[in-house]
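Right, one structure below, let's go through it.
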Amino acid sequence: MLRYVAPSLLVLIAACASGPEPVPAEEIAGVTDDGVVFRFASPELAATVLTAEDEYTAVLQPREIAIKALDASVTDWGGLAEKYEADLRAWTEADKEALRASIAAVLPKVNEIDQWLPDEILLTYNGIGVEGGLPHTRGNLITFGAGTDLEDGEGLRALFLHELHHVMSRANWDRRDDYFALLSFEPCAFDEPAGLEVLRLTNPDAPLYEHYMPVPVEGADGVIPYLFTSRAYDGTGTLGDYFGFGLLPVSADGGACIAEASDPSGLLQPGQSPEFLAKLGGNTGYIIHPEETLADNFVHWGLDRQGLPTPELPERVGAFWTEAK
Ligand SMILES: [Zn+2]
């Protein structure tokens, strides 16, 4: 990240032909005070990140790939990557204006945490052929979904901060144990039962299950919030229509989490564990993964929201990222 650089060194960098190309002004969506650049990516540039293999693509299952591809005949990553590449859109001037305004509005808060961000964050816009049109992130890229209302305001500012949180969290994955502890999650090596694995629905913003929450559960030590596909792709609906969710009871054994259910019928509904809901603080209904619950609390911090059930949680989330590196 660019902090203080001696002027003579800047001349040297500018003269170096092999250095990175400067970002054209029309592609800049915002710049933090530490020099982190938010960049409107062309579909081609965005595709280099979205079609790359990473920790997300490594765990994708054939059944969810067909659902994400909206095509029962596509069951491997190569086929899905082609669909993704075909459904990225170029930015319009009106879109860019709206996002620039929303980023400018939250920039004072982003400046407080930009030490943890990658030097460049790409922005793109996907149709329903990419993750059902849902906004999400991969690597250093934020993609706004087909259903996103690209008008400056509370909604777009919140969405930007939520997705930015995922990019930041991913870039600092070595902090996850301490971070998820803010919600009382503890690390464990999760041995995913085969009967669940084939049904899994992988969230690109939180593709890994590495933590459980200790709560009183009959015959187990705690739970892992778990996302699965509710049915195989049947030619109807989009990704959002296939969401299944429940709490997987697990026993903790010497650092490992042993599943106490082998298929979705053994999962609990969130309401069956009031302790689970209480420890999450009640500031958001987005409870499918600690990463998502923390992202929404980061938004509360970024927008200075008041009147929350657990106001100290956004404060702790903010403090976690504003502390010195
Ligand atoms: Zn999210």
- If you take the residues of segment 293-325 that are buried (at least 20 other Cβ atoms within 10 Å of the Cβ) and farther than 20 Å from A105 by Cβ, which of them is farthest from the ligand (Cβ to nearest atom)? L313
- Can you name the number of the only condition in (1) buried (at least 17 other Cβ atoms within 10 Å of the Cβ); (2) under 30 Å from R305 (Cα atoms); (3) touching a strand residue (DSSP E or B) at 6+ places or on another chain (Cβ under 8 Å) that Y242 fails? (2)
- Message: Taking the condition of being away from the ligand (no atom under 15 Å from the Cβ) and either part of a strand (DSSP E or B) or of a type in the set (G, A, S) (or both), how many residues in segment 123-138 meet it?
- Response: 5
- Restricting segment 171-196 to residues that are touching a helix residue (DSSP H, G or I) at 6+ places or on another chain (Cβ under 9 Å), of a type in the set (D, E, K, R) and part of a helix (DSSP H, G or I), the one farthest from E93 (Cα to Cα) turns out to be D178
- Message: Looking at T238 and the list (1) among the β-branched types (V, I, T); (2) at pLDDT 95 or above; (3) more than 23 Å from V317 (Cα to Cα), which single condition is not satisfied?
- Response: (2)
- Failed item, numbered, when D119 is tested on (1) surrounded by fewer than 19 Cβ atoms within 10 Å (Cβ to Cβ); (2) under 30 Å from D221 (Cα atoms): (2)
- Note on the structure: Scanning segment 153-170 residue by residue, the ones that are surrounded by fewer than 17 Cβ atoms within 10 Å (Cβ to Cβ) and in a helix (DSSP H, G or I) total 2
- Task: Please work out if V31 is at pLDDT 95 or above and farther than 30 Å from F243 by Cα.
- Result: yes
- Within segment 33-62, track down each residue that is among the aliphatic types (A, V, I, L, M), under 17 Å from V167 (Cα atoms) and under 17 Å from the mean Cα position of the chain (by Cα). A46, V49, L50, A52
- segment 147-156, subset touching a residue at least 12 places away in the same chain (Cβ under 8 Å), within 16 Å of the ligand (Cβ to nearest atom) and not β-branched (V, I, T), residue farthest from L107 (Cα to Cα): G147
- Residue check, T229 within 16 Å of the ligand (Cβ to nearest atom) and buried (at least 20 other Cβ atoms within 10 Å of the Cβ): no
- Task: Just name the residue that is farthest from D152 (Cα to Cα) out of those in segment 82-122 that are of a type in the set (G, A, S) and assigned to a helix (DSSP H, G or I).
- Result: A86
- Selection from segment 71-95 of residues that are more than 21 Å from Y242 (Cα to Cα) and in contact with a Leu (Cβ under 9 Å, 6 or more places away or on another chain): E85, L88, W91, T92, A94, D95
- Across segment 122-144, what is the total count of residues that are surrounded by fewer than 19 Cβ atoms within 10 Å (Cβ to Cβ) and free of Cβ contacts under 8 Å to residues at least 60 places away in the same chain? 1
- Taking segment 175-226 as the search range and keeping residues that are more than 10 Å from V250 (Cα to Cα) and among the small types (G, A, S), which one is surrounded by the fewest Cβ atoms within 10 Å (Cβ to Cβ)? A194
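The values are calculated or read from the model by the stated rules, or taken from the named source; none is laboratory data. Bear in mind the structure is a predicted one, so any value in this text is a computation, not a measurement. Ideal geometry is used to build each Cβ from the backbone, glycine not excepted, and the neighbour counts take in all protein chains shown.
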